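*Asks:* Below are the structure tokens for one structure; questions will follow.
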There are 2 protein chains.
Amino acid sequence: MEKNYISMFLLLVAVAYTLAKDFGAKDKKDTNEYKPKLPQTLSRGWGDQLIWTQTYEEALFRAKSGNKPILIIHHLEDCPHSQALKKVFAAHKEIQKLAEKFVLINLVYETTDKHLSPDGQYVPRIMFIDPSLTVRADITGRYSNRLYAYEPSDISLLYANMEKALKLLKTEL
Amino acid sequence: MEKNYISMFLLLVAVAYTLAKDFGAKDKKDTNEYKPKLPQTLSRGWGDQLIWTQTYEEALFRAKSGNKPILIIHHLEDCPHSQALKKVFAAHKEIQKLAEKFVLINLVYETTDKHLSPDGQYVPRIMFIDPSLTVRADITGRYSNRLYAYEPSDISLLYANMEKALKLLKTEL
């Protein structure tokens, strides 16, 4: 039963992503239709009071020089699963507090770094990178064929994973 | 006399850039000191009512698929010359209107694309890239050893260059 539920969720994610991609393609064909809420923020609603980096290169640089792990969120504005996760992420005080210890970046456009999509380019997808610039592929959510996906109900697991990303870092140093 | 004035300006730009880089390095050493105005915007004050892309890769993609030239601004928050140019750029109604015809990106962190720094990585530096993804190194400002630098007083030249970037594109198609 639980397995069915997970399968349905993953199917929904896949459908939502496909739809979102279609919307994206439409935007790109007729750029006049592309109207985000202005002014656009770097946080895109994932935490307006946090400091976000603009580019992946900048995040890598800040992680290395500041000795902080990176928390990277891939999402899409048109994806309801991304939106739902964002809502709980932004409202969760402990997560927002803990997020300060990371170099933060959220992307709606995939990078060219294949290490960031070990099991595909789905959204939402949250990964950690340690200051040695190694993608922490071992820190995963609860869905076996979408390892880095989180549902709103997984927010405590995400919090635990954030602590894990910070704790292991300290042990390794 | 005018030559002296230009030399002095360029010296100032160089000094400001060096200072800004030093500030940058300081920020990076002690990340707790890095406190931008929150929430950060993608426009960073260059035009809050315009649509800005987050990453260079995204800008290239949108230029190609939307058949629009890119206007790319390299600047630094700590550089007084960048700030001064930004002020006139954001307040110039015709420029803000014309900017809608471009894929817009402003960066405070250099990309790895060497074509974006044909004569160095100074700021402020404004360049155009046409939809075929060729950097328009021929569209320059008035300073011979900082070809893509603009002073606030050069705002009309910048406007003319924006028109040039749009016009040549049409001729070439």
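*Asks:* Please list the non-local residues whose amide H lies under 5 Å from the amide H of residue B:107, H modeled 1.01 Å from N, same-chain partners needing a gap of 5 or more.
*Replies:* Those qualifying (amide H under 5 Å, at least 5 residues apart or on another chain) are B:73, B:74, B:75.
*Asks:* On the full set of protein chains, 1.4 Å probe, figure out the accessible area of residue B:167 and give it in Å² to the nearest 10.
*Replies:* Ignoring ligands and nucleic acids, residue B:167 comes out at about 130 Å².
*Asks:* Separate question: Based on the Cβ-Cβ distance from residue A:93 to residue A:142, what FRET efficiency comes out when R0 is 30 Å, to the nearest 0.05? Before the final figure, lay out the partial values.
*Replies:* Working: r = 23 Å, r/R0 = 0.76.
With R0 = 30 Å, the Cβ-Cβ based efficiency is 0.85.
*Asks:* Next question, about the same structure. Calculate the spin-label point distance for residue A:167 paired with residue B:38, positioning each point 7 Å from the Cα along the beta-carbon direction, and give it in nanometres.
*Replies:* Placing both labels 7 Å along Cα→Cβ, they lie 2.6 nm apart.
*Asks:* Suppose the chain between residue B:49 and residue B:67 were pulled fully straight at 0.36 nm per residue; how much longer would it get relative to their current alpha carbon spacing?
*Replies:* Difference between extended and current length: 4.3 nm.
*Asks:* Relative to the other copies, what are the label-point distances for residue A:119, with labels 7 Å from Cα along the C-beta vector, expressed in nm at one decimal and sorted shortest first?
*Replies:* From this label point to the equivalent ones elsewhere in the assembly: 5.2 nm.
*Asks:* Place a point 7 Å from Cα of residue A:114 in the direction of its Cβ. Which residues in the range A:123-164 have their backbone N less than 13 Å from it?
*Replies:* Residues passing the 13 Å test: none.
*Asks:* Just to confirm the numbers: residue B:134, label point 7 angstrom along the Cα-Cβ line, distances to the other copies in nm, shortest first?
*Replies:* Taking the point 7 Å beyond Cα along Cα→Cβ, the inter-copy spacings are 4.6 nm.
*Asks:* When each copy gets a label point 7 Å from Cα toward the beta-carbon at residue B:96, what are the spacings between them in nm, shortest first?
*Replies:* 3.0
*Asks:* Among the listed pairs A:35/B:97; B:64/B:101; B:64/B:86, give every one whose C-alpha distance is greater than 19 Å. Intermediate values should be presented prior to the final figure.
*Replies:* Details: A:35/B:97 15 Å; B:64/B:101 14 Å; B:64/B:86 27 Å.
B:64/B:86, as the Cα separations exceed 19 Å there.
*Asks:* How many Cβ atoms of partner chains, on average, are near each residue of A:54-61 if near means within 10 Å of its Cβ?
*Replies:* Going residue by residue through A:54-61 and averaging, the value is 5.
The values are calculated or read from the model by the stated rules, or taken from the named source; none is laboratory data. Every value quoted in this text rests on a predicted model; they were computed, and no experiment measured them. Virtual Cβ from ideal backbone geometry, glycine too; neighbours counted across all protein chains shown. Just so you know, the surface numbers come from the protein's heavy atoms only, side chains and all, with ligands and any DNA or RNA stripped out. Shrake-Rupley method; radii C 1.70, N 1.55, O 1.52, S 1.80 Å.
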